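The values are calculated or read from the model by the stated rules, or taken from the named source; none is laboratory data. If you're wondering where the values come from, they're calculated on a predicted model, not measured in any experiment. Every residue, glycine among them, receives a Cβ derived from its backbone with ideal geometry; neighbour counts consider all protein chains shown. All accessible areas refer to the heavy atoms of the entire protein, side chains included, with ligands and DNA or RNA removed. Shrake-Rupley method; radii C 1.70, N 1.55, O 1.52, S 1.80 Å.
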Amino acid sequence: MSLVSPDRELLPLGEPHRQTLPAPCGPRSEHLVARLRRRSHELGELPAADPGDDPLDGDDTALALHILYELHYSGFQEVDERWEWEPSLLAARRVLETELEGRLVDLVGPPPIGLDAAEVGAALDELATSGGGPSLSAWMADEGTLLHLREFAAHRSIYQLKEADPHTWGIPRLTGGPKAAMVEIQRGEYGDGDPAEVHSTLFAETMRHLGLDDRYGAYLDRVPGVTLTTGNLISLFGLHRRWRGALVGHLALFEMCSVAPMGRYRDAILRLGVDPRAAYFYEAHVVADAHHQVVGRDHMAVALARDEPLLGGEVVFGARALGAVERRFAEHLLGSWSRGASSLRRPLDIDLGDRSG
Ligand SMILES: [Fe+2]
Ligand SMILES: [Fe+2]
């Protein structure tokens, strides 16, 4: 059954919406939220993390970094836009980024040295086929309930309602073939010129059909640090020219690991009897990413390693980092659900009707 139809009926878009600051969940997010409500000024030193709040994906540290990165995207209703380039704020961001980079190296090792383009392609192929942990999509296709689908969409909304934006920072940092390849992928992510087909818009449509709030940032107070880090990672790579190789590796593996899982999420929606329009976002990726995975691997990542041989190791590092944070994300969700617990910091408070089990 093809869900891709230009005639499908769209739900009306909601009012234009700007997110508000989330509730703090520890000393670091508290420090930021209290100060960002005022006109931009000297931020002051960022407090140390609470013991046990892992710089990689602790709830408080990841939320603090997410808040700082959001100033480069939609911002927050109550935050003075001059904060975006306030030097003392950038200094605080640097502390968090240095901690995150250190933990990424702990997890996957430093960028390997001396890889040629063929070795970069082989490393990406291996990462794409080795699985790298429990398959969230396979579990969802076989066992997931409507509640699991909704929680999963709430987690992913943090990234997918701004889908593609963090990778777009890479375009001015590339040249020649890799730049053209990234633009080709991003053009697809942004709907090939059709606003109704922008992937973030399609995801909002999926959320509405799942009975979720599709406003940007609506679930920010509920998602844990392990979720925020999946997005923070791309902003880290995208906002630093020195990480442009890692950004390319991240995007290439992203596209190479999309088709089969997206098909499984589509299948889960159809199996559970949800309105099939909720599956359109996933079906659109099955179609688009069959092309994007080739462009991403061959014309962007391998081509970059050929054009700039010193970046080959970074490309692989970015892909490994993606695999590592996604593995922790999947383990968190599946671990929570296997205990019968919510995977969110605060469970969804929507009426699940009788289709949840
Ligand atoms: Fe997409
Ligand atoms: Fe794609």
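Before moving on, here are some points about what is shown:
- Only helices enter this figure: runs of n ≥ 4 DSSP H residues, each worth -39500 (n - 2.57), summed and divided by the residues of the chain, yield -17500 deg cm²/dmol at 222 nm to the nearest 500.
- If you take the Cα centroid of the stretch 161-211 and the Cα centroid of the stretch 229-270, the two points sit 12 Å apart.
- Protection proxy ranking of 40-50, 291-301, by the mean of other Cβ atoms within 10 Å over each peptide's residues and highest first, is 291-301, 40-50.
- Using the average count of surrounding beta-carbon atoms within 10 Å as a protection proxy, the listed peptides 325-336, 247-258, 219-230 rank, highest first, as 247-258, 219-230, 325-336.
- Net charge, His31 excluded, C-beta distance under 11 Å - Lys, Arg +1, Asp, Glu -1: -1
- Cα-based shape type of the stretch 78-184, given that a ≥ b ≥ c are square roots of the gyration tensor eigenvalues and the cut on a/c is 1.5: oblate
- Quick note on the stretch 29-133: its Rg to Rh ratio, both from C-alpha atoms and Rh being the Kirkwood radius, is 1.11.
- Each residue, Asp275 and Asp192, gets one label point 7 Å from its Cα in the Cβ direction; the gap between the two is 2.5 nm.
- Amide H contacts of Asp80 (H built 1.01 Å from N, under 5 Å, at least 5 apart or other chain): none
- Rounded to two decimals, the Cα-based Rg/Rh of the chain, with Kirkwood Rh, is 0.95.
- Hz values of 3J(HN,Hα) by residue in the stretch 298-309 - Karplus curve (6.51, -1.76, 1.60), Gly and Pro given as x: 7, 8, 9, 6, 5, 5, 5, 5, 6, 6, 10, x
- Accessible area in square angstrom per residue, the stretch 27-107, 1.4 angstrom probe: 46
- Cβ-defined net charge surrounding Ala303, 15 Å radius [Lys, Arg +1; Asp, Glu -1]: -3
- With θ taken as phi - 60° and the Karplus curve 6.51 cos²θ - 1.76 cosθ + 1.60 applied, the whole-hertz 3J(HN,Hα) list for the stretch 144-160 is x, 9, 4, 4, 5, 4, 5, 4, 4, 5, 4, 4, 5, 4, 4, 8, 6 Hz, x standing for glycine and proline.
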